[in-house]
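The values are calculated or read from the model by the stated rules, or taken from the named source; none is laboratory data. Only a predicted model underlies this, so the values are computations on that prediction, with no experimental measurement involved. In this analysis, Cβ positions are derived from the backbone assuming ideal geometry, glycine residues included, and neighbour counts consider all displayed protein chains.
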Amino acid sequence: MAIIRVEHLTHHYSPGTPFEKTAIDDVSLEIEEGELVGVIGHTGSGKSTLIQHLNGLLKPDSGKVYINNTDIFESKETLQKIRFQVGLVFQYPEYQLFEETVYKDIAFGPTNMGLNPLQIREAVERAVSAVEIPSSMLEKSPFELSGGQKRRVAIAGVIAMNPRVLILDEPTAGLDPKGRDTILALIQKYHQQEHNTVLLVSHSMEDVAKYATKVLVMNRSQLYAYEDVDSIFTRAAEIEKIGLSVPQITKVFHQLAELGYPVNSNTYRIQEASEQLLRLLKKKGEQEC
C-alpha cells in the first residue's frame, strides 16, 4: 500500500514577480510503505521542495499530497496530525537544539503531542536506543556535545514522535567520514527495526547505492525516475548526463567493460565488485597454469 501519494504537484517560488521560479512541475508518484528511498538530484532540481510538501511545510500551487490516503491539506486539524506522522530532519538539524538538557530536547516533540510523562519517557528511551545515545548523556546540555552527537540528538527528537515516515535532508552534511558512516548505519538499523518508510536525501550516489531500496531522481523540477536501485544503475550513463555522479565502483566497471573484460558494467556494490574481480583473477590464473 502506498503510504505517500503525490498527484500532479506543482509549486512556484515568488509567483507573479520577475523572480518567479518553478520548483516542482506536475510531479506524480507513489511510495510504498516500508521503503528506504534515496532522493537524489542536482542542486535546484526540486528535491528539497518536494519533501517539504510531504508534511505540509509548503503548500502546493496545484496538485494533491496524500499520506496514508489522507489529503494532508483537507483541514488544519488534519495537517497538524500529519506533521506528527511525517517527521522531517533538516540539514544541520543540530542548529535547532535549544533546550537545557538532551532529554528535554528529545522530549519536546512527544510533549507537544500531548503524551503523559510515562509515555514521553518511553518515547525518549526508544529514540535514544535507536541512535545509540548513552543514558549518561541525557542530563547534559546539548551544546556540550560533539557535532556528531548533536546530530544524533536532533534525529532522536524526530524519531521520538514515532513517525510513520521519516525524511532526512542530507543527514550527514558536514560530518567526517566516520561520523557519516555512523549516522547512515543507525538510519539503516532504525529502518530495519521499525519497518517504516524512510526518505534519505543525499548527494552521494555511493550512500544511496549502499542503503536505499529505491531511488527517486529529480531533474529540472520534474520526476526523472523512481525505480529500484538495480534499475537505476542500469541507467548510469543517463544519470551522468543530467549532472549526477554515479558511484566510483560503477565508473571503474564501465571502463573495464569498455576494455573488453567480462564484467557487469552496472556494478555498484562493493561485495559484487569483489566477487567479479576474484573470478577474473582466478580465471587468469587458471589460463596461465
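A154 passes all but one of (1) assigned by TED's automatic domain parsing to the domain that holds G56; (2) touching a residue at least 60 places away in the same chain (Cβ under 8 Å); which number fails?
The one condition A154 does not meet is (1).
When residues of region 244-266 are filtered for being modelled with pLDDT under 85 and part of a loop (DSSP other than H, G, I, E, B), how many remain?
5
Here are some residues: L118, L168, L223. Which one is surrounded by fewer than 16 Cβ atoms within 10 Å (Cβ to Cβ) and modelled with pLDDT of 95 or more?
Residue meeting the stated conditions: L118.
Across region 6-26, which residue is farthest from R220 (Cα to Cα) among those that are of a type in the set (D, E, K, R) and surrounded by 15 or more Cβ atoms within 10 Å (Cβ to Cβ)?
E7
Of the conditions (1) β-branched (V, I, T); (2) under 24 Å from Q255 (Cβ atoms); (3) free of Cβ contacts under 8 Å to residues at least 40 places away in the same chain, T172 fails just one. Which one is it?
(2)
Count, please, the residues in region 83-116 that happen to be more than 30 Å from T70 (Cα to Cα) and either in a helix (DSSP H, G or I) or among the acidic types (D, E) (or both).
The number of residues fulfilling the criteria is 7.
Go through (1) touching a strand residue (DSSP E or B) at 6+ places or on another chain (Cβ under 7 Å); (2) touching a residue at least 40 places away in the same chain (Cβ under 8 Å); (3) not in a loop (DSSP other than H, G, I, E, B) for E30 and report which single condition fails.
(2)
Consider region 176-208. How many of its residues are among the hydrophobic types (A, V, I, L, M, F, W, C) and in contact with a Ser or Thr (Cβ under 8 Å, 6 or more places away or on another chain)?
Count: 5.
Quickly run through region 33-46 and pick out the residues that are over 15 Å from L166 (Cα atoms) and surrounded by 19 or more Cβ atoms within 10 Å (Cβ to Cβ).
Listed by number, the residues that qualify are I40, G41, S45, G46.
Within region 1-27, track down each residue that is hydroxyl-bearing (S, T, Y) and out of contact with any strand residue (DSSP E or B) (no Cβ under 8 Å at 6 or more places or on another chain).
T17
For region 124-138, which residues satisfy the criterion of being more than 17 Å from V89 (Cα to Cα) and in a helix (DSSP H, G or I)?
E125, R126, S129, S135, S136, M137
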